[in-house]
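Have a look at the structure below before the remarks.
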Amino acid sequence: MTHGNVIGKGVPRVDARGKVTGQTKYAADIRLPGMHYGKIVFSPHPRARVLEIDCRAAESMPGVRKVITARNLPGSNRYGYDVAHRPVLVPEGEETRYIGDAVAMVVASSEELADRAAAAIAVRYELLAPLTSPRQAMEPGAYLVHAEAAGNRCCLREFVHGDVAVGFQTSEVVVEQTYFTPRQEQAFLEPESGVAYQDDSGVLHVISCLQDPYGVAEDIHLALAIPKSRIHVKGTPVGGGFGGKLNTTIQVHLAAMACLAEVPVMLVLDREESFAFHPKRHPTEIRLKLGAGRDGTIHALEGDVIADAGPYSGRSPEVLGLTMSALMGPYRIPNVLTRAEGIYTNNLDSGAFRGFGAPQAAIARECLLDKLARALAMDPLELRRRNFLRPGDRPTSPMLGDSPVSLELLTERIVEKLGPKPSAPKNSTKRIGRSICFDMPVFDVGAIPVLGKSGVGAAVEVHSDGSVSVYAGGTELGQGVTTVLAQMAAEQFGLPMDRIRVEMSDNWTCPRAGRTSASRLTFGLGNALLLATGRLRQTLLVRAGKMLEIAAEDLVLEGSEVRLVGVPAKALAFAEVAWMCSDRGDNLREEGWFRSAEDRYMYGHTFMAAAADVAVDIATGEIEILKLANVLDMGRVLNPAMAFGQLYGGAIQALGYGLMENMVTVDGQSKTPSFAEYVIPSALDIPEEFVAEGVETPYPTGPFGAKGIGEAALNCTTPTLLNAIADALGVEITAVPIGQEHILAAVRNQKLM
Amino acid sequence: MVYFDYVKPPTLEHLLEGLRQARFEGAVLAGGTDLHVKIRSGVACPRVVFDISDLAPCRGIVEQGNHLRLGAAVRMSEIVASAAVRRKAPALAAAALQMSSRQIRNRATLGGNIVTASPAADAVPPLLAADATLVLLGADGTREVPLAEFLTGPGKTCLGKSEVLTEVVIPSQGPGCRSHFVKVGRRKAQAISIINLAGRIDIGQDGLVRDVGIALGAVAPTAMRARQAEKALIGRAPSAKNLAEAAALAAEECRPISDVRATGSGRRLLVEAWTLRLLHLLCETGGARSGGRNS
């Protein structure tokens, strides 16, 4: 296989022109003939019994096509990932579980009429006291959010390795701390939206922004009893997902509207509805304990995570499984006991968000490592290096992987990137702090008993004119997967980028590819694509060999030709060979199916280092990030421009997580219902010096040696910032986000002024 | 969604007549950056909206003697661009510059920022510190009200239902007077202030504080003057010790609440730290304009 033609080059994104010129059609831009508009009536109360829903006034309003309650719905009225216990619409007599629960829906001829009709639906509620903290929900006698979930326990994940009792007995220094992490909102720009219609053959088409067309089809089937063979789900270009669109969002509701109103329906949530509706990053309370010898060797780690799972299960068992697994990080720890528990409440829902439970773990682990370093009077970087996984080690985690360990290389590179530690100007109230942290973010390789349904398919077709279509069921979320797949196909066939078209996110036209999460597409779809293109290359080479009367092994695909190695004159145009294949009846469409062996190598690890220099003004509490650096072992960088875009974006989300973001609820109601209250970083908050770097340790399992990087940069950037601030002040940080006033309080408590 | 009639009155007389006819169901729209939000959230549900964004008597920035008169419909971006404001009321210019985004500053007006009466309004502390007064026009003619009396609570003012704010008057500041503004938000732009504050100081030839105004926002039901802190400074030297004492008094006299942006005790810490920084900036030689920083 030759490569280097387009692989590794910062070729422009294939979707750049449309997005830059505004021509790209997002779900809300779609217009269909006869299209009506839907509106969902959400419960204003986190917990209330629905006594009566009176639709009469709404039904008699002009332009109203259909008013829908649970009574009208066909099927089970239940859907949901993990446990199908979420009602599409809460029926009369049942209780709502959070403010994102829907009770009724309207379809009308205009948005305005749909709004008015929705407002005319009179719902009588019996208000009940909501459960608003996991601690409260765990108490004996607490009301049960789901009758079958004793103690309101959504999930419990445990990992045991060695014997922690022995580990702590042999430890000379033991440190322990409890950390609190906030609820973080994905803050995607495009709200949940889509259109749906039933065609004349009875097929339901749902066209919507999503991260998993197959999961959406599954949920529609579960809730509405429509055969899967009659459900077509097509993903539109996504204006941000970050995990918030991983589970089915509004698509079941939309499908029900289209089927019952018997017209095409568009549904777009407004910002407040969107914020209230979709699952966020789990708020957690993490108690973590580390034991080590005087020389810094870690003997034991014990961790206990309690997370607010919100009202429904969804991704909680998977996310918290990762939190539990990620507490150990890239370190050798002989004795481990970690557990993570998800607890149902009536707060906002919790689920997938870039990093998938690992960022919480990284905060606790890396902050406690700094505390251990202080207790040992040891340099925190030295402490980490003494405990690094070494080449050939298995990770101290249930998530085993096959990625070569490159922590020393990352250390070398990040120290070089940082340079000498800056010093504060004389007579200044500024204090300088520095931190370097490490992580080993996972990406999904395929056969994962925890996650299931992880095989990935991709199809490739060479047309008789020599152009190529790729069918890949993953979703373009802005991460650039469409471009990366086109690069791979172009490389494989020796064609320019513009000969490749990539069709994505469609459960009918694309082989099953599962969800777009776990930083898995470049890796999984890429491998499936290579299997398919490998077979097609063979077909083309054999046909060209016959045409040229040369052995296929002596031919290569490059420069849009099939060439004899070393004899440029002896060549056929790629298009001519494709035409001949087509003419002679060769199969020019192949499907690749990729999954790893079931019993091993379940994950890939993208080892990373993050570093920060900060200046903290002890007079005002201002935090200035002087430098922020991320270095990741990406295996092979397929497209540097896009890869570094991912690293910068992840680091900025991590900055927001540590310094400003918190989706606050009081009594189950959101106190940050829109972007006016929920603050995320702006362009002005980006560090003065912002470095992202890749190192490349060949990773044979990856397509062209590449690894998954979509989530990675977020993981340990937050604790790096926290530790740098703590280093500047000599204080401990145990709760995020941390703002000026927290710095001032710490300064006062420590009598630093 | 709310539906209302939209009227663009050609004169103040038409506006007053319209407001009278609409009784209690009329609303005045200057920039709309607050009104639209209120309408959408249901806090305001006017039957008629009167647009004064182009109404000439509400539009000018005029130097009248040593006073500065600003029309209620003057936009934040116009304040930022005005040499007169930068010269005579630099703290106000700084506040306007730090408010929200360029797009919002092109719409949001000075009058709107005052009438909305948000405790966190950024333009209010500079005006309060400068003893600004407001010109209110009603059926019975005009009346002039000190800003400090105009604001009566969160979202509450003494503006009558058929009255409009037409002008803001900033009295002349002494030649040696300096002013500054500080905004503390969760990010560096487009954040509602956790606290904001403005100060002006006049230091005599003898080196003692002749006059001082310190106004604090988002730490009481309305923006407030830190009278105790001011009292502690007048007639005294602006020494580090005296400034620190004044800052501590400001923190003591403010009455912050806890909300989604910060706790009350956190705000008190910020008031002390930033009042001290503000006073130091005011007493330093040179720059009359404040940057003001965000966390």
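Any read-out appearing in this document is the output of simple, stated calculations on the displayed coordinates, not a laboratory observation. Predicted, not measured: the structure shown is a model, and the values here were computed from it. Here Cβ is always computed from backbone atoms with ideal geometry, including for glycine, and neighbour counts include all displayed protein chains.
Figures for the structure shown
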{"quantity": "Lys/Arg +1, Asp/Glu -1 at C-beta; chain A dipole; positive extreme among A:PRO425, A:ALA615, A:ALA643", "calculated": "A:PRO425"}
{"quantity": "Within straight-line cross-link reach of A:LYS430, lysines at Cα separation under 16 Å, skipping those fewer than 8 residues along the same chain", "calculated": "A:LYS421, A:LYS627, A:LYS751"}
{"quantity": "B:VAL260, A:VAL336 arranged by Cβ crowding within 10 Å, fewest neighbours leading", "calculated": "B:VAL260, A:VAL336"}
{"quantity": "Helical mean residue ellipticity (222 nm; -39500 (n - 2.57) per DSSP H run of 4+; nearest 500) of chain A", "calculated": "-8500 deg cm²/dmol"}
{"quantity": "Antiparallel content of DSSP bridges confined to segment B:1-103, in %, to 5", "calculated": "35 percent"}
{"quantity": "Peptide-level mean, for A:615-627, of C-beta atoms on other protein chains within 10 Å", "calculated": "3"}
{"quantity": "Leading residue at positive end of dipole, the protein assembly as shown (Cβ point charges), from A:LEU626, B:GLY138, A:GLN211", "calculated": "B:GLY138"}
{"quantity": "Exposure proxy ranking, count of Cβ atoms within 10 Å, fewest first, for A:VAL562, A:VAL64", "calculated": "A:VAL64, A:VAL562"}
{"quantity": "Stokes-Einstein D (µm²/s) once Rh is taken as the Kirkwood radius of the protein assembly as shown over alpha-carbon pairs, at 20 °C in 1.002 mPa s", "calculated": "68 µm²/s"}
{"quantity": "Antiparallel DSSP beta bridges within segment A:455-530, as percent of all bridges there, nearest 5", "calculated": "50 percent"}
{"quantity": "Relative frequency of Cα-Cα separations exceeding 13 Å in segment B:174-225, percent", "calculated": "64 percent"}
{"quantity": "Segment A:537-585: GluC sites (Glu not before Pro) in DSSP coil with no more than 10 other Cβ atoms inside 10 Å", "calculated": "A:GLU549"}
{"quantity": "Reachable lysines from A:LYS707, criterion Cα separation under 17 angstrom, eight or more residues apart if same chain", "calculated": "A:LYS9"}
{"quantity": "GNM flexibility winner over chain B from B:PHE150, B:PHE24, B:PHE181 (Cα, springs under 10 Å)", "calculated": "B:PHE24"}
{"quantity": "R0 of 25 Å, Cβ-Cβ distance A:GLU382-A:GLU172: FRET efficiency to nearest 0.05", "calculated": "0.90"}
{"quantity": "Label zone at B:GLU284, where the point sits 7 Å out along the Cα-to-Cβ direction: segment B:65-103 residues whose backbone N lies under 16 Å", "calculated": "B:91"}
{"quantity": "Size of electric dipole in chain A: Cβ of Lys, Arg +1 and of Asp, Glu -1, about Cα centre, debye, nearest 20", "calculated": "440 debye"}
{"quantity": "Of the DSSP H helices in chain B, those whose Cα atoms cover at least 27 Å axially and whose Kyte score averages 0.5 or more", "calculated": "B:264-283"}
{"quantity": "Where labels lie 7 Å past Cα in the beta-carbon direction, separation of B:THR263 and A:SER110 in nm", "calculated": "5.1 nm"}
{"quantity": "Within segment B:1-99, trypsin sites (Lys or Arg not before Pro) in DSSP loop having at most 15 other beta-carbon neighbours inside 10 Å", "calculated": "B:ARG47"}
{"quantity": "Share, in percent, of DSSP beta bridges within the protein assembly as shown that are antiparallel, nearest 5", "calculated": "80 percent"}
{"quantity": "Per-residue average of Cβ from other chains inside 10 Å of A:676-683", "calculated": "4"}
{"quantity": "Relative exposure of A:ARG589, B:ARG107, A:ARG86, judged by other C-beta atoms within 10 Å (fewest first)", "calculated": "A:ARG589, B:ARG107, A:ARG86"}
{"quantity": "Rounded to the nearest 20 debye, dipole of segment A:108-156 from Cβ charges on Lys, Arg, Asp, Glu", "calculated": "220 debye"}
{"quantity": "Given charges at Cβ of Lys, Arg, Asp, Glu: segment A:480-544 dipole, positive-most of A:ALA532, A:SER505, A:VAL481", "calculated": "A:ALA532"}
{"quantity": "Shielding by other protein chains, A:739-749, mean Cβ within 10 Å", "calculated": "6"}
{"quantity": "Rh (Kirkwood; distinct C-alpha pairs) - chain B, Å", "calculated": "19.4 Å"}
{"quantity": "Separation of the A:ARG71 and A:ARG124 label points, Cα + 7 Å toward Cβ, nm", "calculated": "1.4 nm"}
{"quantity": "Length gained when the stretch A:LEU752-A:ALA142 is fully extended (0.36 nm per residue, less Cα-Cα span)", "calculated": "215.2 nm"}
{"quantity": "Span from the segment A:601-639 Cα centroid across to the segment A:247-311 one, whole angstrom", "calculated": "24 Å"}
{"quantity": "Descending principal axes extents, segment A:27-133, alpha-carbon based, whole Å", "calculated": "45, 32, 26"}
{"quantity": "Separation in nanometres of the label points that stand 7 Å from Cα toward Cβ, at A:LYS421 and A:SER467", "calculated": "6.0 nm"}
{"quantity": "For segment B:1-18 and segment A:721-753, distance of Cα centres in Å", "calculated": "53 Å"}
{"quantity": "Chain A: relative contact order in percent, alpha carbon pairs under 8 Å with at least 6 residues between", "calculated": "16 percent"}
{"quantity": "Dipole magnitude of segment B:5-51 about its Cα centre (Cβ charges: Lys, Arg +1; Asp, Glu -1), debye to nearest 20", "calculated": "160 debye"}
{"quantity": "Lysines with Cα under 26 Å of A:LYS234, excluding same-chain neighbours fewer than 8 positions away", "calculated": "A:LYS19, A:LYS25, A:LYS39, A:LYS66, A:LYS245, A:LYS280, A:LYS453"}
{"quantity": "Neighbourhood net charge (10 Å Cβ-Cβ; Lys/Arg +1, Asp/Glu -1) for A:THR697", "calculated": "0"}
{"quantity": "Net charge, A:ASN723 excluded, C-beta distance under 12 Å - Lys, Arg +1, Asp, Glu -1", "calculated": "0"}
{"quantity": "Counted charge near A:ARG374, where neighbours are those whose Cβ lies closer than 10 Å (Asp, Glu -1; Lys, Arg +1)", "calculated": "-2"}
